[in-house]
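> There's a structure below that I have some questions on.
The values are calculated or read from the model by the stated rules, or taken from the named source; none is laboratory data. The structure displayed is predicted, hence computed values, not measured ones. The protein model used for the area step is the full one, side chains on, heavy atoms only, and it has no ligands, DNA or RNA in it. Shrake-Rupley method; radii C 1.70, N 1.55, O 1.52, S 1.80 Å.
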Amino acid sequence: MEPSSGAIVVTGGTGTLGREVVRRLLEDEYEVRVLSRRPHPRADRTPREWAVGDLATGVGLDAALEGAATVVHCASAPAKDDTVATRHLVEAALRGSRPHLVYISIVGADRVPLGYYRHKVACERIVADSGLPWTTLRATQFHDLIARLTTVQRAAPVVCTLGGDARVQPVEVREVGDRLAELAVGEPAGRVADFGGPRVRELRELARLTARAQGWHRPVLPLRLPGKVVRAVRDGGLLAPDHAQGRGTFEEFLTRRGAMR
Ligand SMILES: NC(=O)c1ccc[n+]([C@@H]2O[C@H](COP(=O)([O-])OP(=O)(O)OC[C@H]3O[C@@H](n4cnc5c(N)ncnc54)[C@H](OP(=O)(O)O)[C@@H]3O)[C@@H](O)[C@H]2O)c1
């Protein structure tokens, strides 16, 4: 990748995905600025700029985006309405240097009727209608999110999961970060091809693998739950089998995570 003029601002650059985008951009020697609500950690010596701002209120965004050539928008607060944050970001970008806006969304956001996913689709629309040059990538669920569905049940005597035909296609977040970084330094491309993990997997199998990796000897209970969300997941709403570009497997993720403990 060739260095571009102007900083690349990464919102959510402290988060699971944003950290990987920042890592990759720094490896490729781009000028990176992280936007966070928190002050710069004193001990942090990573060679990137840091801007404090809050997307929920808009405070600090003009300074954070000053001179930006590109903004990679990875920040998200699932418990809130992300459209508010995305609107604030777009408004600041339009007041400023009108950077290329790169957005990360979720495969199946328009097929699985979760409130959070509805907000993701609305954010996609805000980005596309912003008048800024834009690129949007949808990715499948990251390995760590799928593992967390099991690990949050650490206090329970059984592990509950969705039954047989509920499938996901988990992806290695590092690879999504690499892809977003590549898009950030390329030309604005609109909605690009989805990015999915290497294999479609049953949720109950991934729950068993996670429980075993935790050293748990407790039953895994696949549930058949009613409801539109479960039906959409069982119908393959979260899958992108034609875009299985990811290479890292769930097993490799668990092994690496175990080694890091
Ligand atoms: N997790 C998945 O499986 C998955 C799959 C596909 C797509 N995605 C998308 O990828 C994106 C990143 O997800 P993630 O799992 O990496 O998120 P995460 O780890 O929860 O990180 C969230 C980030 O958002 C920032 N943030 C939250 N509220 C903010 C605010 N008001 N102002 C400024 N920054 C704010 C946080 O920064 P500070 O705390 O430093 O302020 C943090 O860096 C999301 O858009 C998500 O929808 C996720």
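> Quick check on the chain: helices-only [θ] at 222 nm, where DSSP H runs of length 4 and up contribute -39,500 (n - 2.57) each and the sum goes over total residues. Nearest 500, please.
On the way: 9 runs with 94 residues, N = 261.
So the calculated ellipticity at 222 nm is -10500 deg cm²/dmol.
> Let me ask another. Kirkwood Rh, Cα Rg: Rg to Rh for region 115-261? Walk me through the numbers before you get to the answer.
Values: Rg = 17.0 Å, Rh = 16.7 Å.
Ratio of gyration radius to Kirkwood radius for region 115-261: 1.01.
> For region 92-229, give the percent of accessible area contributed by carbon and sulfur heavy atoms, probe 1.4 Å, rounded to a whole number.
55
> Which helices, taking whole DSSP H runs in the chain, have alpha carbons extending 18 angstrom or more along the helix axis plus mean Kyte-Doolittle at least -1.0?
Within the chain the helices that satisfy the rule are 82-95, 115-128.
> Let me see the P(r) profile for region 194-253: every Cα-Cα distance counted, bins of 10 Å, each bin given as a percent of all pairs.
With a bin width of 10 Å, the distribution comes to 19, 41, 34, 6.
> Per residue, how much accessible area does region 41-194 have with a 1.4 Å probe, in Å²?
Averaged over the residues of region 41-194, the accessible area is 43 Å².
> Hey, another quick one. Can you give me the P(r) profile for the chain? Cα pairs, bins 10 angstrom wide beginning at 0, each as a whole percent.
Going out from 0 Å in 10 Å bins, the chain shows 7, 29, 33, 22, 8, 1 percent.
> Now, a different point. I'd like the distance between the alpha-carbon centres of region 1-63 and region 84-160, rounded to an integer number of Å.
18
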